[in-house]
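A short worksheet on the structure shown next.
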Amino acid sequence: MRGGEQGVRPRHVLCVLGTGLELGLVDEVVAQAGCTVDREYSQQAPDPRMTAAFRACLSNDTFTGADWAAVAGHDSVAYVLSPPMPRAASLDTSRRMLAVTAALLRSGATAVKSDSSGLTHGRDRWLELAEQAATAPDPGAVAGTLYHAWVKRPVAAGTVLYSCGMHLLAAPDVEVKAGRRRADPVRGWVDLIDGLAIYLLTEPRAWEMHDGEAFRLGPDTPRWLLERRRCRRYGDDDFFFNPYGYWRLNP
């Protein structure tokens, strides 16, 4: 499996909301992790687009009434940028960005979403994920936690379901051509996407896979054929662009 396309390095972009949130304080918190605040787009004023933006990024049920009230009542917005990430530094940087998210929430921020994968969690879930990553017993457990923190799935495009955010972990995203089976429960498709994605993050052999190989979740589950694809869904200047491409699972 080849590395990223020449010259394209993913980066984390966090949208951070607060009430009375001082940008200087955000600067201090994120600088410890080598991050910066984008002063051009950050503002100490409410942004009326935020409720719709957070709703579009929600792919689970971790938002509570308090989380929605925090979004609706914000009066400051900060955009936090990680450095562009080479493949070798991506997992460590993504772990540090999760710690930064927790630190911001403990320092006055009230809601955070990832503009690099279109995903958000409720405050308690962000803190839970950060704690899991900090106390994980081995690299595989860290990778699994980072996957659930940063990767949105499933995203639908016609009969194709796919993940978005694996570029933040230096790996291809996963898509499945569901075809007529799209009517099956979504949980089954998510399990399939998750199964291959976690394999890509934890198994060294994943970097040696080729088109036409087969993948399945277990010995008694259906086999899927792997097809390697470049990322044509997003332009290379899009925060969602994955320079490592996609693995498509074909029936």
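The values are calculated or read from the model by the stated rules, or taken from the named source; none is laboratory data. Small disclaimer: the values here were computed from a predicted structure and weren't measured. Cβ sites come from the backbone with ideal geometry, for glycine too, and all protein chains shown count toward neighbours. Just so you know, the surface numbers come from the protein's heavy atoms only, side chains and all, with ligands and any DNA or RNA stripped out. Shrake-Rupley method; radii C 1.70, N 1.55, O 1.52, S 1.80 Å.
R187 to R106: FRET efficiency via 1/(1 + (r/R0)^6), r the Cβ-Cβ distance, R0 41 Å, to the nearest 0.05?
Details: r = 33 Å, r/R0 = 0.80.
The value I calculate is 0.80.
If I fit a long axis through the Cα atoms of helix 123-135 and take the longest principal axis of the Cα atoms of the chain, what angle between them do I get, 0 to 90°, rounded to 10?
Approximately 70 degrees, to the nearest 10.
If the chain between E213 and E40 were fully stretched, how many nm would it gain, using 0.36 nm times the residue separation less the Cα-Cα distance? Could the numbers behind the result be given before it?
Numbers: separation 173, 0.36 × 173 = 62.28 nm, distance 4.67 nm.
Length gained, E213 through E40: 57.6 nm.
Per the 1.4 Å probe, what fraction of the accessible area of segment 1-71, in percent, lies on carbon and sulfur atoms? Spell out each step's value before the answer.
Details: 1970 of 3950 Å².
With neighbouring chains kept in place, the figure for segment 1-71 is 50 percent.
Roughly how many nanometres apart are two label points built 7 Å out from the Cα toward the Cβ at T159 and A72?
4.1 nm
When the helix-only estimate is applied to the chain (DSSP H runs of n ≥ 4, each -39,500 (n - 2.57), divided by the residue count), what is the mean residue ellipticity at 222 nm, nearest 500 deg cm²/dmol?
Taken over the chain, the calculation gives -10500 deg cm²/dmol.
If you take the beta carbon distance between A88 and D138 as r and set R0 to 22 Å, what does 1/(1 + (r/R0)^6) give as a FRET efficiency, to the nearest 0.05?
Details: r = 19 Å, r/R0 = 0.86.
Efficiency at R0 = 22 Å is approximately 0.70.
So how far apart, in nm, are the two label points at D220 and T19 if each is 7 Å from Cα heading toward Cβ?
Roughly 5.3 nm, to one decimal.
Just going by the charge dipole of the chain, with Lys and Arg at +1 and Asp and Glu at -1 on Cβ, which of G108, L14, P46 is farthest out on the positive end?
L14
Let a ≥ b ≥ c be the square roots of the eigenvalues of the Cα gyration tensor of segment 1-71; is it rounded (a/c under 1.5), or, if not, prolate (a/b larger than b/c) or oblate?
oblate
Can you give the log10 of the normalised intensity I(q)/I(0) at q = 0.12, 0.14 Å⁻¹, computed with Debye over equal Cα scatterers of the chain?
For the requested q values the scattering log ratios are -0.69, -0.93.
Please compute the per residue accessible area over the chain with all protein chains in place, 1.4 Å probe, rounded to a whole number of Å².
Value for the chain: 46 Å² per residue.
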